[in-house]
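**Q** Before anything else, here's the structure in question.
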């Protein structure tokens, strides 16, 4: 039986309709049954419909009984409606087997849900930018997505950038809750009831279009709030598409990560996670317990079989984890 | 005796040296004795010297015994050094009569100081952009600055924009702590020990170069954190220099303020405060108790004589408050 994918729009309006159509066509070509929410292409101002429309769309995604509920795109819109999201309906849908997948603005949904009910969602692709990419979808992204749909994914792995070779050795991490996503969106939840209270977790972060000084200011906020120091590891994904300015005079991402590593002291700061606003992205279970280990510059993050997040650790060596060592 | 102004650089490096020199010359022409910190024109990457240099500069400003300690410019740099600022020395300097004046990135200093010691500082001009403005300094800004130096300022006033004529009537506000500043910088303190815990205060906010959707996301964060609902009034200054995009389709600042007014319910949201990244800015005592009242569209905010912040309310009618009704 074909796997069922439900596409809906919880954030910004879909403007690039050719990319959306390419993405839908690609998902069908991959053998999935694709259902498109009635409001997926609605527009109100910047948004994919007004607030009530988008809340209702999330409710329909939860009621769809699909295998995967996939966002059309990110953008902006979820922080506006955090007070009215159908957290219980989404959590029940997840318990019944629907996996919610998305990124960027979706970080607000994922972490608010984690804070409210503890339900697990997936940081992963969107229809337009990923499956509908003009250059064609990324192989690793599609393979990771297929693993999720088929219940096969057990983890991921990547190689630390050589310039971070002096990172503190990652001690074995067991049963740590993986959480995070887009740095700016996650930070915009800090101090609110929608920010998860995760101790001894693994926090992953990415962002797009944010200058390193703003990235640093957000990381400092998480640091000063005590959030970073409480984690077992902080993992940075891809920070892309920002414009350096002449005033930087050598201040850049490397300055930020070097300084943060000093501030974090005993908490390992790992970089190079293949996730963010880039084609090659793995899927990551937000709210699931993960194990982490490193062998030299190779990092492994394992979460065991789907719907078995609380299982004992799988050996990194024996796993079927999908990695991106050769991705980019 | 000439009043003594100490100029120092706690944030970004001074790149526009002609503007800085024009500002210094203007302050001298106004009859002030101007002392320039030894590191005022230092540069390290984006910053006016490395972190230790800027912390030391703030210490020298506190030790200067000047009437006014004035920032050369804003930019970025203070959130990096909040852990090491000489809060006690600055507070003692303020008790001795030195007034600290600045804006933008300086918001972090002002609100962290308020959170730590309760000391009052002034939201106001910077040397380069204000006194050194190529078109010449703004009259109202200079008059407000002169009021502060001379201990004459008792308050300010402005006219609400006509489009906000349906704003909820401002009830008389007594003994409310005025606080705030740059929205982005203030929000970057939320959840940290540097965010003031002010109940029943008057929160003022401004920003530059932030798209309305980002302004809304920050305001929503303050709202969801319970900060806005706890205030007696929220006052918006000038939000300037952002680029609208075709995707906005009617979403703009007006959308943001209309929606926020609905969310705030009983807390009045007042707009049009002449403060922000604009030439015409009044000076505002961050951390002082203020009284507020309105007559039609005219709003008055009174703080009484300098060093008498806890005095009983002055009548708005009898005051010498410097307003900007005709400013812009």
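What follows is calculated from the coordinates using simple rules that are stated; it is not laboratory data. Everything numeric in this text was worked out from a predicted model, so none of it was measured. Every residue, glycine as well, gets a Cβ built from its backbone with ideal geometry; the counts of neighbours run over all protein chains shown.
**Q** Distance between Cα centroids, region A:1-32 to region A:60-105: provide it in whole Å.
**A** 15 Å
**Q** Compute the length gained on full extension between residue B:162 and residue B:92: take 0.36 nm times their separation in residues and subtract their Cα-Cα distance, giving the result in nm to one decimal.
**A** 20.9 nm is the gain from fully extending residue B:162 to residue B:92.
**Q** One decimal, nm, shortest first: give the distances between the label point of residue A:161 and those of the same position in the other copies, each label point 7 Å from Cα along Cα→Cβ.
**A** From this label point to the equivalent ones elsewhere in the assembly: 4.1 nm.
**Q** Which of A:45, A:110, A:221 ends up with the largest GNM mean-square fluctuation for chain A, with Cα atoms connected below 10 Å?
**A** Maximum among the listed residues: A:45.
**Q** Out of all DSSP beta bridges in region B:155-323, what portion is antiparallel? Express it as a percent rounded to 5.
**A** Looking only at bridges with both residues in region B:155-323, the antiparallel portion is about 45 percent.
**Q** Give the chain A residue with the shortest beta-carbon distance to the rotation axis relating chain A to chain B, plus that distance as a whole number of Å.
**A** A:191, 2
**Q** Return one number: the angle in degrees, 0 to 90 and rounded to the nearest 10, between the long axis of the Cα atoms of helix A:106-117 and the longest principal axis of the Cα atoms of chain A.
**A** Helix A:106-117 sits at roughly 90 degrees to that axis.
**Q** May I ask you to report, in nm to one decimal and beginning with the shortest, the distances from residue B:17 to the same position in the other copies, taking label points 7 Å along Cα-to-Cβ?
**A** Label-point distances to the other copies, shortest first: 5.7 nm.
**Q** Taking every residue in A:221-230, how many Cβ atoms of other protein chains lie within 10 Å of its Cβ, on average?
**A** 4
**Q** Same structure, new question: Can you say what percent of the DSSP beta bridges in chain B, counting only those with both residues inside, are antiparallel? Round to 5.
**A** 40 percent
**Q** Based only on Cα atoms, what mean projected area does the convex hull of region A:216-297 have, in nm²?
**A** Values: hull surface 27.8 nm².
With every direction weighted equally, the projected area is 7.0 nm².
**Q** Working from Cα positions, state the angle (0 to 90°, nearest 10) between the long axis of helix B:139-149 and the longest principal axis of chain B.
**A** 60 degrees
**Q** If you take every DSSP beta bridge whose two residues both sit in the protein assembly as shown, what share of them, in percent to the nearest 5, is antiparallel?
**A** So the antiparallel bridges amount to about 40 percent of the total.
**Q** Can you work out the PRE-style zone for residue B:30? Point 7 Å along Cα to Cβ, and I want the residues of region B:98-112 with backbone N under 12 Å.
**A** B:101-102
**Q** OK, next. With an 8 Å Cα cut-off and a minimum separation of 6 or more residues, compute the relative contact order for chain B in percent.
**A** 20 percent
**Q** For chain A, set up a GNM with springs between Cα atoms under 10 Å and report which of A:268, A:125, A:285 has the largest fluctuation.
**A** In the Gaussian network model the winner is A:268.
**Q** Counting only Cα atoms, I'd like the Rg/Rh figure for region B:155-323, Kirkwood definition for Rh.
**A** 0.95
**Q** Given a 10 angstrom Cα cut-off, can you work out which residue in B:286, B:299, B:120 is the most mobile in a GNM of chain B?
**A** B:299
**Q** Using mean Cβ contacts within 10 Å as the protection proxy, how do B:253-263, A:189-199 order, highest first? Don't skip to the answer; put the middle values down first.
**A** Working: B:253-263: 16.5, A:189-199: 19.2.
Highest-to-lowest ranking by the protection proxy: A:189-199, B:253-263.
**Q** Rounded if a/c is under 1.5, else prolate if a/b is larger than b/c, else oblate: which is region A:112-171, with a ≥ b ≥ c the root eigenvalues of its Cα gyration tensor?
**A** Since a/c reaches 1.5 but b/c is at least a/b, the shape of region A:112-171 is classed as oblate.
**Q** Along its three principal axes, how long is chain B when you only count alpha carbons? Whole Å, largest extent first please.
**A** Rounded to whole Å, the extents work out to 50, 48, 39 Å.
**Q** Quickly rank B:129-138, B:77-86, A:87-96 as a protection proxy: mean count of other C-beta atoms within 10 Å, highest first.
**A** B:77-86, B:129-138, A:87-96
**Q** How big is the Rg/Rh ratio for region A:137-247, C-alpha atoms only, Rh by Kirkwood, two decimals? Spell out each step's value before the answer.
**A** Values: Rg = 15.9 Å, Rh = 16.1 Å.
For region A:137-247, the value is 0.99.
**Q** Given axes a ≥ b ≥ c from the Cα gyration tensor, I'd like to know whether region A:4-137 is rounded (a/c under 1.5), prolate (a/b larger than b/c) or oblate.
**A** Values: a/c = 1.70, a/b = 1.25, b/c = 1.36.
Oblate, because a/c is 1.5 or more while a/b does not exceed b/c.
**Q** So what is the 222 nm mean residue ellipticity for chain B from helices alone, if each DSSP H run of at least 4 adds -39500 (n - 2.57) and you divide by all residues, rounding to the nearest 500 deg cm²/dmol?
**A** Per the formula, -8000 deg cm²/dmol.
**Q** For the protein assembly as shown, just say rounded, prolate or oblate: build the C-alpha gyration tensor, square-root its eigenvalues into a ≥ b ≥ c, call rounded for a/c under 1.5, and beyond that prolate if a/b exceeds b/c, oblate if not. Please report the intermediate quantities before stating the final value.
**A** On the way: a/c = 2.33, a/b = 1.68, b/c = 1.38.
It comes out prolate by the Cα gyration axes.
**Q** Just to confirm the number: angle between the C-alpha axis of helix A:17-29 and the first principal axis of chain A, 0 to 90 degrees, nearest 10?
**A** 90 degrees
**Q** Between the label point of residue B:240 and that of the same position in each other copy, find the distances and list them shortest first in nm, with every label point placed 7 Å from Cα along the Cα-to-C-beta direction.
**A** Nearest first, the other copies' label points are 3.6 nm away.
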